[in-house]
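What follows is calculated from the coordinates using simple rules that are stated; it is not laboratory data. Nothing here was measured: the structure is a model prediction, and the numbers come from that model. All Cβ positions, even for glycine, are placed from backbone atoms using ideal geometry, and neighbour counts span all protein chains on display.
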């Protein structure tokens, strides 16, 4: 191999080592994909369990977009959009009468902490963990809400 070819191979190898980890990091969020609520494994305070809920997490630039669709405890269809911007600051959320903003902190690749706000006032806090095998997303939320009063919920979602 001549010197020019060796130089070219070294340059390409270095470029690949720099570029590829960033591509894989963007796709390393285990939340990406579709999750369906498993009502048999979930637990709620009285009267607050939704009849169904599906979450879809998508990459949105540096952030993640969570679109939810379901049927609430009263039988009404629900749709919401939550932007996961992991800076700990409140950002607008849509789809819930109980909150209008959410703040997220990513603890590690599989764990999140969040806060929900209504009119600037803290109304709920929660945590979420993706199982090590990536097949289960479990969340615990505690707070108050205009539509259900005090509530505590443990949601267990299965990856679709």
Along the principal axes of its C-alpha atoms, what lengths does the range 68-160 span, in descending order and rounded to whole Å? 36, 31, 21
For the range 39-160: relative contact order, % (alpha-carbon pairs under 8 angstrom, 6 or more apart): 18 percent
Most exposed first by the Cβ proxy, i.e. fewest other Cβ within 10 Å, how do 91, 84 rank? 91, 84
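Quick one: 151, 83, fewest Cβ neighbours within 10 Å first, how do they rank? Write out the running numbers ahead of the final one.
Numbers: 151 19, 83 15.
Ranked by crowding around the Cβ, least crowded first: 83, 151.
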Just rank 86, 104, 57, fewest to most, by other beta-carbon atoms within 10 angstrom. 86, 57, 104
Per-residue counts of other Cβ atoms within 10 Å, averaged by peptide: what ranking do you get for 70-77, 93-100, highest first? 93-100, 70-77
